[in-house]
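First comes the structure, then the notes that go with it.
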Amino acid sequence: MKGKRHALFCIYRFFRNILTFIRTRWYILKYRYSFVKIGKKIRIRSYFSVNSYDKGTLRINFDDGVYIDRMVSLRGTGNINIGKYTSIGEKTTILAEQEVTIGDYVQIAQNCVISDNDHVFNKKNTKIMHSGVNKQKITIQDNVWIGANATIVKGVTIGEGSVVAAGAVITKDVPPHSVAAGIPAKIIKQIDYK
């Protein structure tokens with residue numbers, strides 16, 4: 001019985017890998033001549049979506065070796081740059097009205113939100129939805145780990161080698177080699193690399 005289950009599991013993995021390969025090639029063909037620039041050896045899982053709100057002004061650059069998990073959504077009218085060998089977890093949303101830059105070897109866990117904009121809400125006699133948005137660039141430097149359900153808001157830079165704890169809301173810059181946690185996030189530790 002155990003041998004049969006193992007054989008079935010191996011067959012399942014084989015076909016899953018083939019589907020991932022085919023899906024990735026389909027996305028490469030779909031976006032080849034449009035606003036998405038795709039590097040080598042990228043992998044894209046199912047239900048990946050790209051939405052440009054303003055007549056195709058969104059620009060996306062995937063560098064080599066990027067891995068996009070299931071149900072990742074990239075949206076906006078700005079630029080999204082994703083560095084080499086970066087992994088973006090399931091159900092993560094990246095909203096770019098200006099620019100979101102993600103460095104090399106970044107690990108982003110599932111259900112994260114990275115948004116370089118928020119709504120203006122202090123205009124008298126104007127509905128919030130008609131008040132516009134505030135935009136500021138987000139930069140996530142190389143070798144950063146972002147835990148599950150984290151939120152990163154506009155105008156933030158996360159330094160190289162930093163860790164963002166699960167569920168953290170990043171509202172201020174995170175210095176290099178730091179651990180940030182909480183709502184709003186605070187620096188709770190400096191990482192001492194040996």
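Results, tabulated for the structure shown:
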quantity: Helical contribution to [θ] at 222 nm, DSSP H n ≥ 4, -39,500 (n - 2.57), averaged over the chain, rounded to 500; calculated: -5500 deg cm²/dmol
quantity: Above-threshold pairs, the threshold being 20 Å between Cα atoms, out of 137/172; 154/186; 127/172; 37/84; 40/84; calculated: 127/172
quantity: Stretchable slack from residue 51 to residue 15, in nm (0.36 nm times residue separation minus alpha-carbon distance); calculated: 10.1 nm
quantity: Charge dipole of the stretch 36-164 about the Cα centre (unit charges at C-beta), most positive-ward option of 147, 61, 74; calculated: 74
quantity: Peptides ranked, highest mean first, by Cβ atoms within 10 Å: ranges 114-123, 156-165; calculated: 156-165, 114-123
quantity: Tensor-based shape of the chain (alpha-carbon gyration tensor, a/c under 1.5 rounded, otherwise prolate or oblate); calculated: oblate
quantity: Percent of beta bridges antiparallel (DSSP, the chain, rounded to nearest 5); calculated: 15
quantity: Residue among 49, 87, 73 with the largest mean-square fluctuation in a Gaussian network model of the chain, springs linking Cα atoms under 10 Å; calculated: 49
quantity: Accessible solvent surface per residue of the stretch 123-168, calculated while the other protein chains remain in place, 1.4 angstrom probe, Å²; calculated: 53
quantity: Distant-in-sequence amide H partners of residue 79 (H built 1.01 Å from N, under 5 Å); calculated: 59, 98, 99, 100
quantity: Helix 2-31 vs. the chain, principal-axis angle (Cα, 0 to 90°, nearest 10); calculated: 50
quantity: Solvent-accessible surface (1.4 angstrom probe) belonging to residue 45, in square angstrom, nearest 10; calculated: 30
quantity: Long-range amide H partners of residue 144 with built H, under 5 Å; calculated: 106, 107, 161
quantity: Carbon + sulfur, % of accessible area of the chain - ligands and nucleic acids excluded, 1.4 Å; calculated: 55
quantity: Relative contact order (percent, whole number), the chain, Cα cutoff 8 Å, 6+ residue spacing; calculated: 11
quantity: Gain on full stretching of the segment that runs from residue 70 to residue 40 - 0.36 nm per residue minus C-alpha separation; calculated: 8.9 nm
quantity: Extension gain (nm, one decimal) between residue 7 and residue 131, 0.36 nm per residue minus Cα-Cα; calculated: 38.8 nm
quantity: Size-normalised alpha-carbon gyration radius of the stretch 65-161, reference 2.2 N^0.38 Å; calculated: 1.13
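The values are calculated or read from the model by the stated rules, or taken from the named source; none is laboratory data. Please read all numbers here as calculations on a predicted model, not as lab measurements. Every residue, glycine among them, receives a Cβ derived from its backbone with ideal geometry; neighbour counts consider all protein chains shown. Surface areas here come from the heavy atoms of the whole protein model, side chains and all, with no ligands, DNA or RNA. Shrake-Rupley method; radii C 1.70, N 1.55, O 1.52, S 1.80 Å.
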